[in-house]
Amino acid sequence: MKVSLLDTNEPISVEQLKDINVLYFPMDMNDYKPALESLCQERGYKNRDEVKLNKDTPNIEDKLKIFFEEHLHDDEEIRFILDGSGIFDVRNKDDKWYRINVEKGDLIIVPANMYHRFTLDDNRFIHAMRLFTDAPKWVPVNRY
């Protein structure tokens, strides 16, 4: 995972992410299941699904347009990257964007009610596990 201030490309630390309640857990892809199950039990994640996005995904440009619209959710957004890579932008306390480049083995938790957006990077492929406390849902509340 690489994080920077979007406007200046200034590096941002994991601690600075934690200061705005965005959590990062690097996972060992050779043996991630015990750590993942422990995290799920600890944080009450009862459900999960998987999503794959790539250049061949039907209506990919329309989907990416929706994902890149600045929005929030009333639940945490938990993403474990199983393969590929992508970009999450999150707002810090000063309303500036932090750009989070995620890749295989990264698990991030964006807190509820934090404005953010997502897009694919130049690789144009991501395979992510989505974790949920209840039934899987994705209901965005757009900022504007």
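Values quoted throughout were computed directly from the atomic coordinates according to the rules given, and no laboratory measurement underlies them. All values reported here derive from a predicted model rather than from experimental measurement. Neighbour counts run over all protein chains shown; Cβ positions are idealised from the backbone, glycine included.
In segment 85-118, of all residues being among the polar types (S, T, N, Q) and exposed (fewer than 15 other Cβ atoms within 10 Å of the Cβ), the one that is farthest from TYR24 (Cα to Cα) corresponds to ASN113. Within segment 17-60, the residues that satisfy the criterion of being over 16 Å from the mean Cα position of the chain (by Cα) and of a type in the set (S, T, N, Q) are ASN30, SER38, GLN41, ASN47, ASN54, THR57, ASN59. Taken over segment 26-60, the criterion of being out of contact with any Asp or Glu (no Cβ under 8 Å at 6 or more places or on another chain) and of a type in the set (A, V, I, L, M, F, W, C) is satisfied by MET29, LEU36, LEU39, CYS40, VAL51, LEU53, ILE60. Restricting attention to segment 15-51, the residues that are surrounded by fewer than 15 Cβ atoms within 10 Å (Cβ to Cβ) and among the hydroxyl-bearing types (Ser, Thr, Tyr) total 1. Residue pairs whose Cβ atoms lie under 8 Å apart, sitting 6 or more positions apart in sequence or on different chains, and linking a residue in segment 25-50 that is within 18 Å of THR133 (Cα to Cα) and free of Cβ contacts under 8 Å to residues at least 60 places away in the same chain to a partner that is among the charged types (D, E, K, R) and assigned to a loop (DSSP other than H, G, I, E, B), are ALA35/ASP28.
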